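The values are calculated or read from the model by the stated rules, or taken from the named source; none is laboratory data. Only a predicted model underlies this, so the values are computations on that prediction, with no experimental measurement involved. Backbone-built Cβ (ideal geometry, glycine too); neighbour counts: all protein chains shown. To get the accessible areas, we keep the full protein, side chains included, count just its heavy atoms, and leave off ligands, DNA and RNA. Shrake-Rupley method; radii C 1.70, N 1.55, O 1.52, S 1.80 Å.
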Amino acid sequence: MHLDLATLSLLGALQALLLAPLLLVATRAYTGRARTSLRIWGTVLVLQSLGWLLAALRGQISDWWSIVLANGVLIISYAETARALRLLLGVPQRRAWLAAIGLAAWLGIAWFGIVQPDYRTRVCIGAALVGCYLGMLLWPLRHALRPGGSAAQRVMLLVLAGAAVAWFLRLHELGTTPQAGLLQATPGNVVNMIYGTLEPVFASIGFLLMYNETAQAELRRLARTDPLTGTLNRLALDEEGRRLFSQDDALAAVMLDADHFKTINDRFGHAVGDRVLASLARGIAALLRPGDVLGRAGGEEFLVLLPRSDLAGAMALAESLRMHVTMMSLELDGQVQPISVSIGVAVRTADDRDVAALVRRADRALYEAKRAGRNRVVAADAPVA
């Protein structure tokens with residue numbers, strides 16, 4: 001069966017042109033970097049449509065249009081594809097590198113398309129360009145290959161691997177097939193053209209799957225985060241507490257409460273009080289170790305869970321936190337306002353049946369610190385000095 005590659009190229013152009021507005025309309029409610037990334041991808045589809053349209057007219061229009069301009073448009077689309085995907089993955093876009101690689105490839109293709117026509121050299125330059133861009137895409141996606149890696153990113157890896165295989169077949173064919181043009185139905189050209197026609201659909205599916213995965217992860221994060229302080233909320237604290245309690249016999253709980261916080265609210269207003277809590281959360285987080293868990297237990301109370309910690313270590317950290325907060329005097333409405341915390345500390349014992357029992361003992365120690373005059377650290381079941 002004979003395949004007319006020009007017609008196939010036109011079909012690919014039409015498909016990309018129809019897919020672009022559908023994708024942009026379907027994702028108009030998206031926000032943040034995902035929206036920007038998908039809008040870039042919509043532009044890519046339009047550029048690919050134009051590029052394949054010009055390529056399909058090779059032999060009917062000037063080589064300046066069908067080779068130089070067509071490849072320039074496609075190169076821009078490939079660069080923007082790399083930028084959109086890197087943006088969605090949250091890694092640096094490397095726009096300067098993308099532009100430099102694309103410009104060098106385009107100048108080479110223009111030279112060997114107009115000045116010194118050489119189809120094989122143009123294919124080699126195109127393959128080198130695609131290889132560079134694929135490398136910039138595959139590297140940030142490599143983590144998806146690890147156990148438990150992103151399923152959506154694995155789909156995108158398959159799409160990119162398909163492009164690599166198609167270009168490899170086309171490049172390999174140069175050494176075994178007499179020199180042919182882009183629209184001659186050699187096996188390598190046929191595979192490359194068919195995949196090039198289908199790739200916009202596959203890549204669009206990959207983009208949407210990756211966005212959905214990112215959105216779901218963000219929703220899970222928001223469901224576990226206290227919106228005021230950015231720390232874990234009570235639900236997440238309970239989950240993390242149960243996890244740590246099941247894994248670690250040397251677990252400590254540190255309960256902190258901002259002293260005289262009601263006075264700050266009454267004097268300066270709740271908006272200022274909220275800023276104080278946010279600053280307090282940042283100050284506490286700055287002194288914690290990797291693996292320590294910080295969350296807002298409620299009101300002006302914070303809970304820190306310390307895995308692999310004995311009483312001496314927990315007390316030392318609690319005292320460091322108390323001193324750090326004391327030195328955090330905040331300027332509120334033009335006035336310097338000192339701030340302090342009372343802290344209760346408890347370490348896991350054989351009598352603690354669950355993490356809630358451990359936290360209750362830390363909470364009782366906090367109450368003792370308040371009763372003893374505030375701005376101090378008290379250990380559970382220890383006499384107050």
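When region 21-177 is described by a simple charge dipole with +1 on each Lys and Arg Cβ and -1 on each Asp and Glu Cβ, the residue from 116, 99, 70 located farthest towards its positive end is 99. Considering the dipole of the chain built from charges on the beta carbon (Lys and Arg +1, Asp and Glu -1) around the Cα centre, which of 145, 373, 219 is farthest to its positive end? In the chain, that residue is 145. The mean accessible area for residues of region 264-330, using a 1.4 Å probe and ignoring ligands and nucleic acids, is 45 Å² per residue.
Taking 2.2 N^0.38 Å as the expected size of a compact globular protein, what ratio does the Cα radius of gyration of region 44-155 give against it, to two decimals? Computed over Cα atoms of region 44-155, the ratio equals 1.20.
What residues of region 122-143 lie in the reach of a label at residue 91, counting those whose backbone N is under 14 Å from a point 7 Å from the Cα along Cα→Cβ? Answer for this model: 132-143. Charged neighbours of residue 313, selected by a Cβ distance under 12 Å, balance to -1 (K, R count +1; D, E count -1). All C-alpha pair distances within region 210-284, sorted into 5 Å bins from zero, spread as 3, 13, 16, 18, 17, 15, 10, 6, 2, 0 percent across the bins. Each Lys and Arg Cβ is given +1 and each Asp and Glu Cβ -1; about its Cα centre, region 230-385 then shows a dipole of about 140 debye. Structure remark: mean-square fluctuation, Gaussian network model of the chain, C-alpha springs under 10 Å; the largest value among 152, 250, 236 belongs to 250.
Roughly how big is the chain's charge dipole about its Cα centre, with Cβ charges of +1 (Lys, Arg) and -1 (Asp, Glu), in debye to the nearest 20? Intermediate results must be reported in sequence, preceding the final value.
On the way: 38 positive and 31 negative charges, 77 e Å.
It comes to approximately 380 debye.
Simple point charges give the picture: +1 on the Cβ of Lys and Arg, -1 on the Cβ of Asp and Glu, and for region 244-294 a dipole about the Cα centre of about 300 debye. Among 51, 108, 206, which one shows the highest mean-square fluctuation when the chain is modelled as a Gaussian network with alpha-carbon springs under 10 Å? Between 51, 108, 206, it is 108 that shows the largest mean-square fluctuation. Springs join every pair of Cα atoms under 10 Å in this Gaussian network model of the chain, and among 231, 349, 214 the largest mean-square fluctuation is at 349.
Using only C-alpha atoms and all pairs of different ones, pull out the Kirkwood radius for the chain in Å with one decimal. Don't skip to the answer; put the middle values down first.
Values: mean 1/r = 0.0396 Å⁻¹.
Averaging 1/r across every pair of different Cα atoms and inverting gives 25.3 Å.
For region 297-350 and region 156-229, what is the centre-to-centre distance using only Cα atoms, to the nearest Å? That distance is 51 Å.
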